[in-house]
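Enquirer: One structure, pasted below without further comment.
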Amino acid sequence: MRIKVATHSGFCFGVRRAINIAEKSLADSKYKNKIYSLGAIIHNPQVVETLSRKGIKVIRDISSISEGAIIISSHGAPIKTIEKIRKKKLRLIDATCPFVKYAHDIVEDLKVEGYKVIIAGDRKHPEVKALLSLAGKGRKTGKIGVVSQTTQDKSDYIKRILDILKNDFSEVRVFNTICKDTSHRQALARRLLDECDVMIVVGGKNSANTKKLWQICRERGVDSYHIETPDELKKNFFEGKSCAGVVSGASTPDLMVKDVVRKIKIQTKEG
Ligand code: F3S
């Protein structure tokens, strides 16, 4: 059994940055035991669990918090939530990825210039919720600005844009806010799909970019499995296969990918 691992894995820039910000906040004794992350700081349950053992508690909303520091996750947060944190005079620690922030800036500019903003993405995802909060309802206008969730697949985004163009808008401005790291991982997955007959996608089950990688693999008709840890690997995944491809999401630690590869080697050696 050959095992091919995508040449780009481990944390993306924004995830690494968010974790560093969180770790640094723990060093501030002023907020000892009073540091909260609003939602998962990154979409990887194992990493979130490690941070919570170190003292960063995940909360869903800030209503019961009266003192301490609130970390905004790498996905950003809706404008009303930020305002609430400020109003309560809690310390705000912003770990929003700069590439997500770039999309925020575009949406804000479009709104000021009188464009109605369309966001291509999953409306339940925290990143999209934050973008929607900035876009507001928009004016009744024929001027449209289109922005994508950073983890979208480019070909899906192009389809959405073509659909939008079928409408009678007088002006459509399209922004490529898809993160390069995401596109790169997707391209590498497609490359491995040309060579491999089974694909292992490693990453949080709640991670949008990992789920997208898994979707890309399944759409190609190759047997593909989305796992978070090596414990989920089963021997029968590899029966009758000659090449296993391993890809990972942007919030998957490098060590987890290595552990997965090690386990595949053991399982396929045992026959
Ligand atoms: Fe940021 Fe891209 Fe990672 S948007 S969080 S660098 S996947």
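Enquirer: Evaluate the range 25-41: report whether one residue or more is touching a helix residue (DSSP H, G or I) at 6+ places or on another chain (Cβ under 7 Å), surrounded by 14 or more Cβ atoms within 10 Å (Cβ to Cβ) and under 30 Å from Gly245 (Cα atoms).
Expert: Looking through the range 25-41, at least one residue is touching a helix residue (DSSP H, G or I) at 6+ places or on another chain (Cβ under 7 Å), surrounded by 14 or more Cβ atoms within 10 Å (Cβ to Cβ) and under 30 Å from Gly245 (Cα atoms).
Enquirer: Further question on the same structure: Please give the number of the condition Val107 fails out of (1) open to solvent by 20 Å² or more (accessible area, probe 1.4 Å); (2) more than 14 Å from the ligand (Cβ to nearest atom).
Expert: (1)
Enquirer: Still on this structure, I have one more. Note down all Cβ pairs under 6 Å where the first residue falls in the range 170-182 and is touching a residue at least 12 places away in the same chain (Cβ under 8 Å), the second is in a strand (DSSP E or B) and within 12 Å of the ligand (Cβ to nearest atom), and they're at least six residues apart or on different chains.
Expert: Hits for this filter: Thr177/Ser148; Ile178/Ser148.
Enquirer: Read through the list (1) surrounded by fewer than 19 Cβ atoms within 10 Å (Cβ to Cβ); (2) in contact with a Cys (Cβ under 7 Å, 6 or more places away or on another chain); (3) without any contact (Cβ under 8 Å) to a residue 40 or more places away in the chain, then give the number of the only condition that Cys243 fails.
Expert: The number of the failed condition is (3).
Enquirer: Is it the case that Glu219 is open to solvent by 30 Å² or more (accessible area, probe 1.4 Å) and under 15 Å from Val5 (Cβ atoms)? Please lay out each step first, then the result.
Expert: Values: open to solvent by 30 Å² or more (accessible area, probe 1.4 Å): yes; under 15 Å from Val5 (Cβ atoms): no.
Criteria not met by Glu219.
Enquirer: Please specify each residue of the range 62-111 satisfying the condition of being in a loop (DSSP other than H, G, I, E, B), of a type in the set (Gly, Ala, Ser) and touching a residue at least 60 places away in the same chain (Cβ under 8 Å). Reasoning before the result, please.
Expert: First pass over the range 62-111, keeping only residues in a loop (DSSP other than H, G, I, E, B): 62-68, 73-78, 88-90, 95-97.
This time we only want the ones that are of a type in the set (Gly, Ala, Ser), so: 63-64, 66, 68, 73-74, 76-77, 95.
The answer is Ser74, Ala95.
Enquirer: Quick check on my filter: what residues within the range 207-237 are assigned to a helix (DSSP H, G or I) and of a type in the set (Phe, Trp, Tyr)?
Expert: Here is the first cut: in the range 207-237, the ones assigned to a helix (DSSP H, G or I) are 208-219, 230-232, 235-237.
If the condition is that a residue be assigned to a helix (DSSP H, G or I) and of a type in the set (Phe, Trp, Tyr), then Trp214, Phe237 are the ones that fit.
Enquirer: If you don't mind, there's one more thing I want to ask. Mind telling me which of the residues Asp168, Asp163, Asp181 ends up being open to solvent by 70 Å² or more (accessible area, probe 1.4 Å) and either part of a helix (DSSP H, G or I) or within 16 Å of the ligand (Cβ to nearest atom) (or both)?
Expert: Values: Asp168 fails: either part of a helix (DSSP H, G or I) or within 16 Å of the ligand (Cβ to nearest atom) (or both); Asp181 fails: open to solvent by 70 Å² or more (accessible area, probe 1.4 Å).
Asp163 is the lone residue from the list that is open to solvent by 70 Å² or more (accessible area, probe 1.4 Å) and either part of a helix (DSSP H, G or I) or within 16 Å of the ligand (Cβ to nearest atom) (or both).
Enquirer: Let me ask something additional. Could you please find all residues in the range 247-271 being buried (at least 20 other Cβ atoms within 10 Å of the Cβ) and either more than 16 Å from the ligand (Cβ to nearest atom) or in a helix (DSSP H, G or I) (or both)?
Expert: Within the range 247-271, Met256, Val257, Val260, Ile264 meet the criteria.
Enquirer: Still on this structure, I have one more. Here are some residues: Gly114, Gly204, Gly138. Which one is modelled with pLDDT under 95, part of a loop (DSSP other than H, G, I, E, B) and open to solvent by less than 20 Å² (accessible area, probe 1.4 Å)? Outline the logic, then answer.
Expert: Details: Gly204 fails: modelled with pLDDT under 95; Gly138 fails: open to solvent by less than 20 Å² (accessible area, probe 1.4 Å).
From the options Gly114, Gly204, Gly138, the qualifying one is Gly114.
Enquirer: With the requirement that a residue be within 17 Å of Lys205 (Cβ to Cβ), assigned to a helix (DSSP H, G or I) and either small (Gly, Ala, Ser) or within 16 Å of the ligand (Cβ to nearest atom) (or both), what does the range 10-51 give you?
Expert: Within the range 10-51, Val15, Val47, Val48 meet the criteria.
The values are calculated or read from the model by the stated rules, or taken from the named source; none is laboratory data. Everything numeric in this text was worked out from a predicted model, so none of it was measured. Methodologically, a virtual Cβ is constructed for each residue, glycine included, from the backbone with ideal geometry; neighbour enumeration extends over all protein chains shown. Keep in mind that these areas ignore ligands, DNA and RNA; they rest on the heavy atoms of the full protein, side chains included. Shrake-Rupley method; radii C 1.70, N 1.55, O 1.52, S 1.80 Å.
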